[in-house]
Amino acid sequence: MQNLIALLVAAPLLGAAVLLCGGRRLDRSGHLIGTLLAAVSFVIGVVLFSDLLGRGADDRTLNQHLFSWVPVGGFRADIAFQLDQLSMTFVLLISGVGTLIHIYSIGYMEHDERRRRFFGYLNLFLAAMLLLVLADNYLLLYVGWEGVGLASYLLIGFWQHKPSAATAAKKAFLVNRVGDLGLSIAIMLMFTTFGTFAFGPVLHSVGDAGEGRLTAIGLMLLLAACGKSAQVPLQSWLGDAMEGPTPVSALIHAATMVTAGVYLITRSGALFNAAPTAQLAVTVVGAVTLLFGAIVGCAKDDIKKALAGSTMSQIGYMVLAAGLGPIGYVFAIMHLVTHGFFKAGLFLGAGSVMHGMNDEVDMRRYGGLRKHMPVTFVTFGLGYLAIIGFPGLSGFFSKDKIIEAAFAKGGTEGWVLGGAALLGAAITAYYMTRVMIMTFFGAERWRNAATTSPDEPSAEPAAEHRGEHAEPHPHESPRSMTIPMIVLAFGSVFAGAFFGIGDRFLRWLEPVTGHQEGNSPVGAATVTIATMVLLVVGAGIAYLQYGRRPVPAVAPRGSLLTRAARRDLLQDDFNHVVLVRGGEHLTRSLVYVDHTLVDGVVNGTAASFGGLSGRLRRLQNGYARSYAVSMFGGAALIVAATLLMRAV
Amino acid sequence: MSFPLLTATAALPAVGAVATAAVPAAKRTAAKWLALLVSLATLVLAGLVLARFEPGGDRYQLTESHSWIKAFGVRYELGVDGIAVALLALTALLIPFVILAGWHDADPLETNSSRWRPTQGFFALILAVEAMVILSFEATDVFLFYILFEAMLIPMYFLIGGFGDRAHAGSDEKAAAQRSYAAVKFLLYNLVGGLIMLAAVIGLYVVAGNFSLQEIAQARADGSLSMATGTERWLFLGFFFAFAVKAPLWPLHTWLPNAMGEATAPVAVLITAVVDKVGTFAMLRFCLQLFPGASRWATPVIMVLALISIVYGALLAVGQRDIKRLVAYASISHFGFIILGIFAMTSQGQSGATLYMVNHGISTAALMLVAGFLISRRGSRLIADYGGVQKVAPVLAGTFLVGGLATLSLPGLAPFISEFLVLVGTFTRYPVLGVIATFGIVLAALYTLVLYQRTMTGPVKAEVSAMPDLKVRELVVVAPLIALLIFLGVYPKPLTNIVNPAVQHTMSDVQKKDPKPAVEAAQ
Amino acid sequence: MNPVYYLYLAALLFTIGATGVLIRRNAIVVFMCVELMLNACNLAFVAFSRLHGNLDGQIIAFFTMVVAAAEVVVGLAIIVSLFRSRHSASVDDASLMKL
């Protein structure tokens, strides 16, 4: 059975290779091949899952060793896989949601001439992501880690002819590289500390290492997680990443890749448990990001960017939970899975709306779409209810547990983190209600307005093929797009209840992550009630602001905070001034220095020799007789010297 | 006596060079085919060397030894260890691609046939370089090595100065002046390095009484040849200076951007992927073996210089406007990594450095040759003259991206393994330096992606809108290199198996052991 | 007769030859002066041979004659071709290593 694990990765990898090298003759069938291989991966995942279920709770780890990868001295890295409950959860999420999004993309990318390549990249992403969660050592994980970064780079910049997309792709890769720096250093630290970086040996011998080293490793892993999961301070790329096609945003930048950081922290749980300082840093990053993302999400008028802010915020919840240690790991992963369902559903809904609206992304030009797109409305609405934590739906179960766990951290920290999580819940309700109302309710603001000004390149260039720049005609999307949305909506509604009731998910994951109940200063019921109250307050404010009053087509100036939030709380401006400008000045001056100083010193030495030789050259005047004189003179000197020597 | 395989591997391209040069002027194409066939045959011989070489066997294998200049004890002594075998294979592998990529680089310009550049000479010179580089990897006699080290400057000089880029066909006068400046600069830097090395070689002879690497190293190891500390350090510096110029190490690097910028892309590959490797190779073989004490003494300074190379080269690459100069500065950064790995004196560092030499050769060749194809289409080296190439020539853009990703050491491609090994090897002994060097990976991503973004993405520029995609010949050049990058990235074991034992020998030469992990050390 | 006198003569001839090489412009005359110097050397060799009572000097003298003959052949050819291209036999006109 364990020999199937490699196939999980191999199937989409094969797809990527075939589609990217296959050339034009695969243009007509490429999307089908890609979807099929993603589905193959999912089926294998299900087979393995049923196998795991058939085993005892402590026997659910499968290992497959392919070959020794880099053996140098004490440094051993293997191509080897490890499938346990944690990986299994991810495998199902990735391949399942991945397959759905492949299906969705068939319709969504129908008019794009480079669709084959798009599916190739998607398959590459699946392979890398599965490698990431299946690796049995940190170096192989690193390969998957950068592989998903590459796929993300290629897909964000899929419409490369748009400079904004190319820039966004580059930015995503670069910011991620900063995170990768952390992962590299963490692996090196592990190697110097433990002499290995395979999960098993490292996590088992944590007790032998000093806390200082463990804290350093933990902080470096946190840096890596920040880059991949768009956590403060490396969050700036996620908003721009929305330049990519919407299925990509749904799969990579909502459901799977951005949650890799949470996986990394949960996987290294034993290490973090022994390094409380690193754990504290993780929770702080999570709490800050969950508020940061939520605030940004409130101010954006671009539907995808609003959702991106929301993603950031929800991952903040997960990171916060993962930082809480054994009281939070299970809930972090649980929220990750439910979030995978509803956020992917929301993004696909947004894509469906854009598909019907000539790829308009500005919510101020939406409105009243519920009549025109009933399926999209219902599925998006269910996703909306799930994310704000409406009782009974997925988000309710998973988010509520995280808030409880945050309080259970105890002490002042518990109160602060719990308070932040509660506040985040209220803001979530606010911005999601805002998105919902602006899109599906109210006046039909898109009438009498060409949605996209022709001189500006459309966000989704597929529109050019549809040839419209006039007033949009909202319509429901084709079946291939609505079916995945319905499936995901189904998951958004029921997954939470299925996982949460009777602690099914907890018992499934506990053998890997460990679990302990915290002692919360406030009762679970109190937390739930407080969450509900805040939810109603948040949604109510949004309704008062956007439901009762007409939405202006041009954004009002807004308060200082709103304006800052529109600009991602000035993070980009900071980056621009400090890093980009500073870097430009540095490189320019270095180019100058290299040309004048470094080159100059060496050339100066050469020039002085040149001057000397210029003088000496005068002696070579070409007159044979002057040479003869010097010869005779020299000979005479030698003779004289000889005679003198003898005389003396 | 067995068949002298090593001599044959070096002699074949040498004979081929003469034969190619002798092909009559009218039969240019025949000369090209001859050169290609010779280089392929050399590759076969190199494959034989690889096959005959036993990774676990003697340190030097396939040895040959003949008396040459008796009066000075100079011998014609050949032998290869794992490191040399790897680099020999790399050289033999790259030359056919270089020849194929430069297939039309030396054709006469039809418009200006009076300034016809002899095709035969171009290919003959490439083969001559190959012969000398291969022999220098094989030589275990210091004097023989020195002669080759210097002699390979001559064909390189003519290749750089004589065969410029078609990109400048328009402004011939100025281009020719720049080119000859670059060639003279290349020659002068390396000659000065070589002269200082000559002094050190003579000094070594005075001290040791012969030139045989094995004998001297043996005598050094068992203590029968002791040098005064000062003498050893001076000799070490003499050798190291020459190698550092060739490698090149900051601040002796300024000849490289000029040379690589002005030379045609295949010649640029020859410089950075093949000839420069002799410098780093010689550090491992001569500096560490002959002067272990001095090597340890100089390590801190060299490590810092290597670190400066890494960061400085990368930063300057970001600031370049010229594609080829950008690749040149990126190479300077990579050579910094190689030297860092060598002098970290850990098995990971040195194995990584050796792998790095091989992988850097392949990845730079891929990137530079594709860049050459790009440049030959548009006739300009300036990044700003391109834009949106991805749309008109997707295969070219795709291969360019893969080359770039290899340059930034993406995991899954070969350079990642070597770079990570170097970093780990450095980190285990010098954590702070290791961390700073790791910042190089961010900068590498920056210059590569900026290059890709500016040339390949965005709106299609009018001048590139008619650009044809890669032709069959060009695909034949690029595809195997990319395949090799992926293969060695996934399964580098054949290479590590060869290199590891050689590195163990070097490690014992310098009397260093890998640091123990903290957990074990505590027990 | 005292062989030392031959040596004085040789020295004198050599000096005359050397002076001629240095101050004369005409290539033919320079050439003749070179011959004079060679013959001065020959005289010295022979004189030394006599002085020391062995034949080494005389053998060397023969060698010198052969070299001188060869030199005449090459040198005259150079002078002739020089004269053809420059219409002068002055050594100062040939100050560059090209025509």
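What follows is calculated from the coordinates using simple rules that are stated; it is not laboratory data. Keep in mind that what you see is a predicted model, and the values were worked out from it rather than measured. Please note: Cβ atoms are built from the backbone with ideal geometry, for glycine as well, and neighbour counts cover all protein chains shown.
Each residue, A:A607 and A:R447, gets one label point 7 Å from its Cα in the Cβ direction; the gap between the two is 7.8 nm.
As a rough footprinting exposure proxy, the listed residues A:H111, A:H585 were ranked by other beta carbons within 10 Å of their own, and the order from fewest upward is A:H585, A:H111.
Helix A:163-194 and the long axis of chain A differ in direction by around 80°, with both axes built from C-alpha atoms.
Counting, for every residue in B:304-314, the Cβ atoms of other protein chains within 10 Å of its Cβ and taking the mean gives 1. With neighbours defined as other Cβ atoms within 10 Å of a residue's Cβ, the residues A:W145, B:W68, B:W103, A:W159 order from fewest to most as B:W68, B:W103, A:W159, A:W145.
Ranked by how many other Cβ atoms sit within 10 Å of their own Cβ, fewest first, the residues B:D469, B:D509 fall in the order B:D469, B:D509.
Only helices enter this figure: runs of n ≥ 4 DSSP H residues, each worth -39500 (n - 2.57), summed and divided by the residues of chain B, yield -23500 deg cm²/dmol at 222 nm to the nearest 500.
Taking every residue in A:624-634 and counting other chain Cβ atoms within 10 Å of its Cβ, the average works out to 3.
Along the axis of the charge dipole computed for the stretch A:105-193 (Cβ charges of +1 for Lys and Arg, -1 for Asp and Glu, origin at the Cα centre), the listed residues A:A128, A:V175, A:F158 are led at the positive end by A:F158. Distance from the Cα centre of the stretch B:11-41 to that of the stretch A:147-168, in angstrom? So the two Cα centres are separated by 45 Å.
Placing unit charges on the Cβ atoms of the charged side chains and taking the dipole of the stretch B:212-340 about its Cα centre, the candidate lying farthest along the positive direction among B:P266, B:T254, B:A314 is B:A314.
Across the stretch B:236-244, computed HN-Hα scalar couplings (Karplus, 6.51 cos²θ - 1.76 cosθ + 1.60, θ = phi - 60°) run 4, 4, x, 5, 4, 4, 4, 5, 5 Hz from first to last residue, x flagging Gly and Pro.
Using only alpha-carbon positions in the stretch B:5-509, the gyration tensor eigenvalues give semi-axes of 35, 26, 20 Å once each is multiplied by 5 and square-rooted (largest first).
Only the Cβ atoms of Lys and Arg (+1) and of Asp and Glu (-1) were treated as charged; on that basis the dipole of the protein assembly as shown about its Cα centre amounts to roughly 2020 debye. Phi angles of the stretch A:621-638 translate, via the Karplus equation with coefficients 6.51, -1.76, 1.60 and θ = phi - 60°, into HN-Hα couplings of 8, x, 7, 4, 6, 6, 5, 4, 4, 5, 5, 4, x, x, 4, 4, 4, 5 Hz per residue; Gly and Pro are given as x. With the charge dipole of the protein assembly as shown set up from +1 on Lys and Arg Cβ and -1 on Asp and Glu Cβ about the Cα centre, the Cα lying farthest toward the positive end among the listed residues B:S136, C:M32, B:G203 is that of C:M32. To the nearest 10 degrees, how steeply does helix B:323-344 sit against the main Cα axis of chain B, on a 0 to 90 scale? Here the helix axis deviates by roughly 10 degrees. If you average the C-alpha positions of the stretch A:219-256 and of the stretch B:252-321 separately, how far apart do those two centres end up, in angstrom? What the calculation gives is 37 Å, centre to centre. Does a label point 7 Å from the Cα of B:K513, set along Cα-to-beta-carbon, have any residues of the stretch B:271-293 with amide nitrogen under 19 Å, and which are they? The answer is B:293, whose backbone nitrogens lie closer than 19 Å to the label point. Hey, what angle do you get for helix B:172-208 against the long axis of chain B, alpha-carbon based, 0 to 90 degrees rounded to 10? With rounding to tens, the tilt is 10 degrees. Using Cα centres only, tell me the gap between the stretch A:415-450 and the stretch B:430-448 in whole Å. Measuring centre to centre over Cα atoms gives 42 Å. Peptides A:523-530, C:34-41, A:98-105 ranked from most to least packed by the mean count of surrounding Cβ atoms within 10 Å: A:98-105, C:34-41, A:523-530. In terms of packing, defined here as the mean over residues of other Cβ atoms within 10 angstrom, the peptides A:281-294, B:337-350 line up highest first as B:337-350, A:281-294.
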